[in-house]
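First the structure, in the form of structure tokens, and then the observations on it.
The values are calculated or read from the model by the stated rules, or taken from the named source; none is laboratory data. Because the structure is predicted, anything quoted here is derived from the model rather than measured. So basically every Cβ, Gly included, is an ideal-geometry build from the backbone, and we count neighbours across all protein chains shown. Quick note on the areas: whole protein, heavy atoms, side chains included, nothing else; ligands and nucleic acids left out. Shrake-Rupley method; radii C 1.70, N 1.55, O 1.52, S 1.80 Å.
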Amino acid sequence: MDQNGPYLSVVIPAYNEAKRIAPTLDAVYTYLTAQPYSWELLVALDGPTDDTLRIIEAFAVGKENVRWLDRKVNQGKGYTLREGMLAAKGQIRLFMDADNSTDIAHFEKMKPLFEQGADVVIASRDSKDVPEARQAVPQPFFKRFLGNAGNLIIQLLVVPGIWDTRCGFKAFTAEVAEQVFAVARMNGWSIDDEALALARRFGYKIQMVAANWIDAEGTHVSKLDYLKNIFEAGRIRWNLLTGVYGRSPSTPESPVSSPRSPIVRKP
Ligand SMILES: Nc1nc2c(ncn2[C@@H]2O[C@H](COP(=O)(O)OP(=O)(O)OP(=O)(O)O)[C@@H](O)[C@H]2O)c(=O)[nH]1
Ligand SMILES: [Mg+2]
């Protein structure tokens, strides 16, 4: 492992994924072991109440590039993702969903963009963002409808010009990840919108690749979350307006005290 850390860190925020995570870990591990570059796989947990941790412990045995962190108390995708993206050591830090709904091979479209100097590359499921984007297995109608409605407010307040800010497959250079996730504050689903708004606020460009989305059975998103998204978009806008995040990475008015207690690595 090169002293600047591995080339790629794959971070998977996961909560109660006993039914979905094992095939994803297999697919990601198989893909990464076939790559010419160095890598690590980091699962970010926050106190799953099902078998998720035992499945990861069993999977990680004898695999040196596979580790996890466990915050023990459920705080939300955002909170745990921040921890994961700051604990990761990769020069490129990619986060993806535990249900592999945008599979790891999509990184192949991102890698050349990073080689050309990209700061942030995200996958989009919306053909208004990237014409080739498609939902091979579309999300249920209510999710698409509420998601699109929510997106209009997110574009208005937080991330103009991006029609799908929520596809669980986004990559950042280490420099951007360190700055964005150190000051981000959203503990829930709005972390994706906040991270994109912060990357822009700090002067970084966001590039997009087409997702071939295969919606997986099961979701942690409740109908109430769609309402929460609107309030959180307002909070992010307010934080941006009132300088909570600062204008540049080095001057956040009030850095978030992210409790970085020691990471639970492999026993
Ligand atoms: N650590 C942690 N991860 C979470 C939490 N809630 C959701 N996640 C993870 O976030 C990822 C996305 O969750 P899903 O339930 O697949 O959400 P989804 O319905 O696909 O949402 P969309 O991607 O917007 O369609 C998965 O890896 C989840 O395990 C949480 O409270 N804590
Ligand atoms: Mg999903």
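Listed values, structure above:
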quantity: Every residue from the range 135-152 that is modelled with pLDDT of 90 or more and open to solvent by 50 Å² or more (accessible area, probe 1.4 Å); calculated: LEU152
quantity: Unmet criterion (only one of (1) buried (at least 17 other Cβ atoms within 10 Å of the Cβ); (2) more than 15 Å from ligand 1 (Cβ to nearest atom)) for LEU86; calculated: (2)
quantity: Filter result for LEU81 (open to solvent by less than 40 Å² (accessible area, probe 1.4 Å), more than 24 Å from TRP189 (Cα to Cα) and either of a type in the set (A, V, I, L, M, F, W, C) or touching a His at 6+ places or on another chain (Cβ under 6 Å) (or both)); calculated: no
quantity: When residues of the range 25-73 are limited to those that are of a type in the set (Lys, Arg) and modelled with pLDDT of 95 or more, the one farthest from ALA87 (Cα to Cα); calculated: ARG54
quantity: Test: residue in the range 110-122 that is open to solvent by 20 Å² or more (accessible area, probe 1.4 Å) and among the polar types (S, T, N, Q); calculated: yes
quantity: Whichever residue in the range 1-29 is polar (S, T, N, Q) and either at positive phi or in contact (Cβ under 8 Å) with a residue 60 or more places away in the chain (or both) and, among such residues, is farthest from ligand 2 (Cβ to nearest atom); calculated: ASN4
quantity: Any pair with Cβ under 8 angstrom, 6 or more apart, that starts in the range 30-43 at a residue that is closer than 15 Å to MET96 by Cβ and open to solvent by 30 Å² or more (accessible area, probe 1.4 Å) and ends at one that is of a type in the set (Asp, Glu) and not in a strand (DSSP E or B); calculated: none
quantity: Matching option when the condition is away from ligand 2 (no atom under 16 Å from the Cβ), more than 18 Å from the chain's Cα centre (by Cα) and acidic (Asp, Glu), among GLU132, GLU194, GLU217; calculated: GLU132
quantity: Condition check for LEU69: open to solvent by less than 30 Å² (accessible area, probe 1.4 Å), within 23 Å of ARG185 (Cα to Cα), within 16 Å of ligand 1 (Cβ to nearest atom) and not small (Gly, Ala, Ser); calculated: yes
quantity: Qualifying residue in the range 151-161 (condition: over 13 Å from the mean Cα position of the chain (by Cα) and closer than 29 Å to LEU25 by Cα); calculated: no
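Rundown of residues vs (1) within 12 Å of ligand 1 (Cβ to nearest atom); (2) under 30 Å from PRO6 (Cα atoms); (3) not basic (Lys, Arg), yes/no style:
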| residue | (1), (2), (3) |
| --- | --- |
| MET96 | yes, yes, yes |
| ASP103 | no, yes, yes |
| LEU113 | no, yes, yes |
| ARG125 | yes, yes, no |
| LYS128 | no, no, no |
| VAL137 | yes, no, yes |
| LEU146 | yes, no, yes |
| PRO160 | no, no, yes |
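Yes or no, residue by residue, for (1) in contact with a Lys or Arg (Cβ under 7 Å, 6 or more places away or on another chain); (2) open to solvent by less than 50 Å² (accessible area, probe 1.4 Å); (3) modelled with pLDDT of 95 or more; (4) not basic (Lys, Arg):
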position: VAL158; (1), (2), (3), (4): yes, yes, yes, yes
position: ALA211; (1), (2), (3), (4): yes, yes, yes, yes
position: ILE214; (1), (2), (3), (4): no, no, no, yes
position: LEU227; (1), (2), (3), (4): no, no, no, yes
position: GLY234; (1), (2), (3), (4): no, yes, yes, yes
position: GLY243; (1), (2), (3), (4): no, yes, no, yes
